[in-house]
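Below is one structure, written out as structure tokens; the observations come after it.
The values are calculated or read from the model by the stated rules, or taken from the named source; none is laboratory data. The model shown is predicted, which means the values in this text are computed figures rather than measured ones. When we count neighbours, we look across all protein chains shown, and the Cβ atoms used for this are built from the backbone with ideal geometry, even at glycine. The area values use the complete protein model at the heavy-atom level, side chains included, leaving out ligands, DNA and RNA. Shrake-Rupley method; radii C 1.70, N 1.55, O 1.52, S 1.80 Å.
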Amino acid sequence: MQAMVLAAGFGTRLWPLTAACAKPAVPFLDRPLVARLVERLKSQGFDRVVVNLHHLPHSVTQALVEHPDVKFSREASILGTAGGIARALRIGALRRDEPVLVVNGKIETDADFADLRRAHDRANHGATLLLTPNTRREAFREVHFEGGRVVGFGAGRQPEGAEPWCFTGVHVLSADVVAGLRPEFSDTVRDVYPALMQAGRLGAHLHRGRWWEFSTPERYLGLHQRAWSTFAAAERPADRSVFWGPRPIGVRATGCIVLDPEAVPAGQYRDEILGRADRGDPELAAGARVEQGILRVPLDPQAVERASRPDPA
């Protein structure tokens, strides 16, 4: 079985965490997201894994240095979901004679990828989307399905249904669908899937387990706090902060993301991101400033708290 992890995007909403590394290379529980995904794919029988690259590609290849068999597809310009898959096929990174499982590189999940692939094969769909309940009613486009098939998408990012479901960024495309893609900018959901849906060939596979999406710093910190309270409880820090490196003496941070601990002066900090000033333009985030050579970006503690809550029953 083969899979492709999408890792080419800029990760603008996650800045300044993505100033020095691509979003899939950002560490979660001290392991890069993309490394966690690749390890999960391999453990479930995916013998060929392809990762596309564009923004800060070295950070992704370095995150996967322990996996020399991973193949890479470098994009001179961003090609989007469909275009990126087509390029990987054209350069021979993907095999032409079998479906491909596609995974967004910015997620953490306990989904059974092999089960999704088997369900896709049994149904003989053109593509199958992995869907998850949006119990928090977050700003994800709603997906409507009936009898194992996707029948529509919500008009906007605000779910309206009584029990909304959303697309996880995990999907399987049949070989014939992949063969019809072109290596130019295009998106599967916008440009490919409407026609499959109209033809009754767009499948829906449901996942009720863990699916965490790291799109903002608040979600990144809140999901760490949630992990510490569940499957990583032994590693839970009392200060509810994430440090990218050893915790320095004299730095007391509560509810913070500390990107460059060795550069942060001794002191007390709360609800902010701390890093070297060279991590980028502080105008990229509201309230960001540089003081004593340190970039300081405020965090919204309410948004962090929301992300840290367990899903409603």
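For the range 64-73, does any single residue satisfy the condition of being in contact (Cβ under 8 Å) with a residue 40 or more places away in the chain and among the hydrophobic types (A, V, I, L, M, F, W, C)?
No, every residue in the range 64-73 fails to be in contact (Cβ under 8 Å) with a residue 40 or more places away in the chain and among the hydrophobic types (A, V, I, L, M, F, W, C).
Name every residue in the range 228-257 that is open to solvent by less than 30 Å² (accessible area, probe 1.4 Å), small (Gly, Ala, Ser) and in contact with an Asp or Glu (Cβ under 8 Å, 6 or more places away or on another chain), in order of residue number.
ALA253, GLY255
When ALA123 is evaluated against the numbered criteria (1) under 28 Å from GLY152 (Cβ atoms); (2) crowded, with 23+ Cβ neighbours inside 10 Å; (3) not aromatic (Phe, Trp, Tyr), which criterion, by number, is the only one it fails?
(2)
Any idea which residue in the range 278-301 is nearest to GLY255 (Cα to Cα), counting only those that are modelled with pLDDT of 85 or more and among the aliphatic types (A, V, I, L, M)?
Once the filter is applied, the top-ranked residue is LEU299.
So which residues in the range 79-114 are open to solvent by 10 Å² or more (accessible area, probe 1.4 Å), closer than 29 Å to HIS224 by Cβ and touching a strand residue (DSSP E or B) at 6+ places or on another chain (Cβ under 6 Å), if there are any at all?
ASN104, GLU108
Please determine whether any residue of the range 37-53 is open to solvent by less than 60 Å² (accessible area, probe 1.4 Å), at pLDDT below 95 and either acidic (Asp, Glu) or under 30 Å from PRO298 (Cα atoms) (or both).
Taking every residue of the range 37-53 in turn, none turns out to be open to solvent by less than 60 Å² (accessible area, probe 1.4 Å), at pLDDT below 95 and either acidic (Asp, Glu) or under 30 Å from PRO298 (Cα atoms) (or both).
Could you list, in sequence order, all residues of the range 32-62 that are among the aliphatic types (A, V, I, L, M) and without any contact (Cβ under 8 Å) to a residue 40 or more places away in the chain?
ALA35, VAL38, LEU56 - these are the residues of the range 32-62 that are among the aliphatic types (A, V, I, L, M) and without any contact (Cβ under 8 Å) to a residue 40 or more places away in the chain.
Looking only at the range 206-257, which residues are more than 16 Å from the chain's Cα centre (by Cα), among the hydroxyl-bearing types (Ser, Thr, Tyr) and assigned to a loop (DSSP other than H, G, I, E, B)?
SER229, THR230, SER241
I'm trying to understand the selection: among the residues of the range 258-292, which are closer than 20 Å to ALA22 by Cα, part of a strand (DSSP E or B) and open to solvent by less than 60 Å² (accessible area, probe 1.4 Å)?
Result: VAL258, ILE273, LEU274, GLY275.
Filter the range 179-199 down to the residues that are surrounded by 18 or more Cβ atoms within 10 Å (Cβ to Cβ) and in contact with a Leu (Cβ under 6 Å, 6 or more places away or on another chain), then identify the one that is farthest from ALA155 (Cα to Cα).
Once the filter is applied, the top-ranked residue is LEU196.
Taking the range 148-193 as the region of interest, how many residues are part of a loop (DSSP other than H, G, I, E, B), touching a strand residue (DSSP E or B) at 6+ places or on another chain (Cβ under 9 Å) and not hydrophobic (A, V, I, L, M, F, W, C)?
Within the range 148-193, residues that are part of a loop (DSSP other than H, G, I, E, B), touching a strand residue (DSSP E or B) at 6+ places or on another chain (Cβ under 9 Å) and not hydrophobic (A, V, I, L, M, F, W, C) number 11.
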